[in-house]
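Colleague: The following block contains the structure, expressed as structure tokens.
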Amino acid sequence: MTIEILTVLPELLTSPFEHSIMKRAQEKGLLTIKLHTLRKWAINKHGQVDDYQYGGGAGMVMMCEPLANAIDELQATEKFDEIIFLTPDGKTFDQKQANTLSLKNRILLICGHYKGIDQRIRDLYVTREISIGDYVLSGGELAAAVLVDAIGRIIPGVLNDETSALTDSFQDNLLAPPVYSRPASFRDLEVPPILLTGDPKKVEEWRQEQALARTQKRRPDLLAGE
Ligand code: ADE
């Protein structure tokens with residue numbers, strides 16, 4: 001899978017993908033990440049990609065031409081399966097969308113800045129608009145990093161132990177159960193004895209119960225299918 005990112009700040013997006021699972025996914029050839037500097041398609045030699053908004057008001061808007069020219073050039077030989085604009089007024093990102101997107105072949109993420117991008121780019125090119133939560137970031141780059149990580153880790157073959165993604169929080173609309181490691185006793189707090197029995201069936205039942213109880217307490221909306 002290839003994820004390409006169109007941004008005015010590619011520097012913000014180098015380190016997040018150079019470590020751990022994202023690094024391994026790229027080394028295994030399962031994920032390719034390409035950063036594109038929007039300034040390459042600027043309208044003048046000053047690197048301009050934004051302008052004042054019609055109708056007045058504070059804040060600049062990312063202009064049509066640089067974005068359209070960039071997208072046209074990037075998909076001249078092969079179309080993107082999805083062109084996603086990261087924006088606080090998009091649909092809130094969740095595991096279901098991550099699962100769907102992890103099955104695509106080639107996607108483009110557009111990072112907005114200032115007041116956002118000209119509406120006509122959204123109308124003409126964008127196939128999905130995604131928010132990572134009800135708060136406003138200074139740009140779409142950190143949101144793009146969140147998407148790449150959430151999508152990249154579930155591309156088939158990326159995780160060593162395939163089942164570990166299946167038991168993540170949210171995969172069955174359930175939060176993950178509590179987990180414990182050594183020592184068995186820590187500051188008078190004991191590991192639940194059932195985990196020490198070595199009985200995989202009982203352990204699995206306990207984990208299911210705990211996952212359900214935790215979800216009921218913390219996120220009843222997930223159980224109601226909201
Ligand atoms: N850009 C600014 N804020 C954002 C958010 N919450 N989600 C996605 N992109 C954004």
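The values are calculated or read from the model by the stated rules, or taken from the named source; none is laboratory data. Every value quoted in this text rests on a predicted model; they were computed, and no experiment measured them. With ideal geometry, Cβ positions are generated from the backbone for all residues, glycine too; neighbour counts draw on all protein chains shown. Side chains are part of the model used for accessible areas, which takes the heavy atoms of the whole protein and leaves out ligands, DNA and RNA. Shrake-Rupley method; radii C 1.70, N 1.55, O 1.52, S 1.80 Å.
Colleague: Under 10 Å, Cα contacts only: if you run a Gaussian network model on the chain, which one of P156, P192, P177 comes out with the highest mean-square fluctuation?
Modeller: Taking springs between Cα atoms under 10 Å, the residue moving most is P192.
Colleague: So which residue, out of H46, H19, H36, gets the largest mean-square fluctuation from a GNM of the chain using Cα contacts under 10 Å as springs?
Modeller: H46
Colleague: Another question, then. With just the Cα atoms defining each centre, how far is segment 96-160 from segment 1-49? Give it in Å.
Modeller: 13 Å
Colleague: Let me ask something additional. Can you say what percent of the DSSP beta bridges in the chain, counting only those with both residues inside, are antiparallel? Round to 5.
Modeller: Working: 5 of 27 bridges.
Given both bridge residues lie in the chain, the antiparallel proportion sits at roughly 20 percent.
Colleague: At S164 and A68, where each label point lies 7 Å from the Cα along Cα→Cβ, what is the point-to-point distance in nanometres?
Modeller: 4.7 nm
Colleague: Pull out the extension gain between I21 and D81, defined as 0.36 nm times the separation in residues minus the alpha carbon to alpha carbon distance; nm, one decimal. Spell out each step's value before the answer.
Modeller: Values: separation 60, 0.36 × 60 = 21.60 nm, distance 2.37 nm.
Length difference between fully extended and current span is 19.2 nm.
Colleague: For segment 18-132, what is Rg from Cα atoms divided by 2.2 N^0.38 Å, rounded to two decimals?
Modeller: Values: Rg = 15.7 Å, N = 115, 2.2 N^0.38 = 13.4 Å.
Relative to the 2.2 N^0.38 Å estimate, segment 18-132 comes out at 1.17.
Colleague: Rank S169, S20 by accessible area, highest first, at a 1.4 Å probe radius? Don't skip to the answer; put the middle values down first.
Modeller: On the way: S169 35, S20 90 Å².
Final ranking, largest accessible area leading: S20, S169.
Colleague: How much solvent-accessible surface does F186 expose, in Å² to the nearest 10, with a 1.4 Å probe and all protein chains in place?
Modeller: So the heavy atoms of F186 present about 110 Å² to solvent.
Colleague: Let me know the volume per residue of the alpha-carbon convex hull for segment 167-224, in Å³. Mind dumping the intermediate values first?
Modeller: Working: hull volume 5.2 nm³, N = 58.
Per-residue hull volume (Cα only) is 90 Å³.
Colleague: Still on this structure, please answer the following. Under 29 Å between C-alpha atoms is the cut-off here; go through segment 2-152 and count lysine pairs that meet it, provided they're at least eight residues apart or on different chains.
Modeller: 28
Colleague: Segment 26-60: which chymotrypsin sites (Phe, Trp or Tyr not before Pro) are DSSP loop and have at most 14 other beta-carbon atoms within 10 angstrom? Intermediate results must be reported in sequence, preceding the final value.
Modeller: Numbers: sites: W41, Y52, Y54; in loops: Y54.
When the chymotrypsin sites (Phe, Trp or Tyr not before Pro) of segment 26-60 are filtered for loop state and at most 14 Cβ neighbours within 10 Å, Y54 remain.
Colleague: Tell me the Kirkwood hydrodynamic radius of segment 125-221 in angstroms, computed as one over the mean inverse distance between distinct C-alpha pairs.
Modeller: Numbers: mean 1/r = 0.0598 Å⁻¹.
For segment 125-221, inverting the mean 1/r across all distinct Cα pairs yields 16.7 Å.
Colleague: Moving on to the next point. Report the local net charge at I130: Lys and Arg +1, Asp and Glu -1, summed over other residues whose C-beta lies under 14 Å from its C-beta. Intermediate values should be presented prior to the final figure.
Modeller: On the way: positive: K91, K96, K104, R122, R128; negative: E82, D89, D94, E129, D134, E141, D149.
After counting each charged neighbour, the total is -2.
Colleague: Name all residues of segment 76-100 having a backbone nitrogen under 14 Å from the label point set 7 Å from the Cα of V136 along its Cα→Cβ direction, giving them as ranges.
Modeller: Inside the label zone: 87-90.
Colleague: For the chain, just list the percent of Cα-Cα distances falling in each 5 Å bin from zero outward, please.
Modeller: Computed distribution, short to long bins: 1, 6, 12, 14, 16, 13, 10, 9, 6, 5, 3, 2, 1, 0.
Colleague: Okay, next question. Counting each DSSP H run of 4 or more residues in the chain as -39500 (n - 2.57), what helix-only mean residue ellipticity at 222 nm follows after dividing by all residues, to the nearest 500 deg cm²/dmol? Spell out each step's value before the answer.
Modeller: Working: 8 runs with 71 residues, N = 226.
Result for the chain: -9000 deg cm²/dmol, rounded to the nearest 500.
Colleague: Under a plain spin-label model, where a point goes 7 Å from the Cα along Cα-to-Cβ, how far apart in nm are D51 and S185?
Modeller: Simple spin-label model gives 7.4 nm for this pair.
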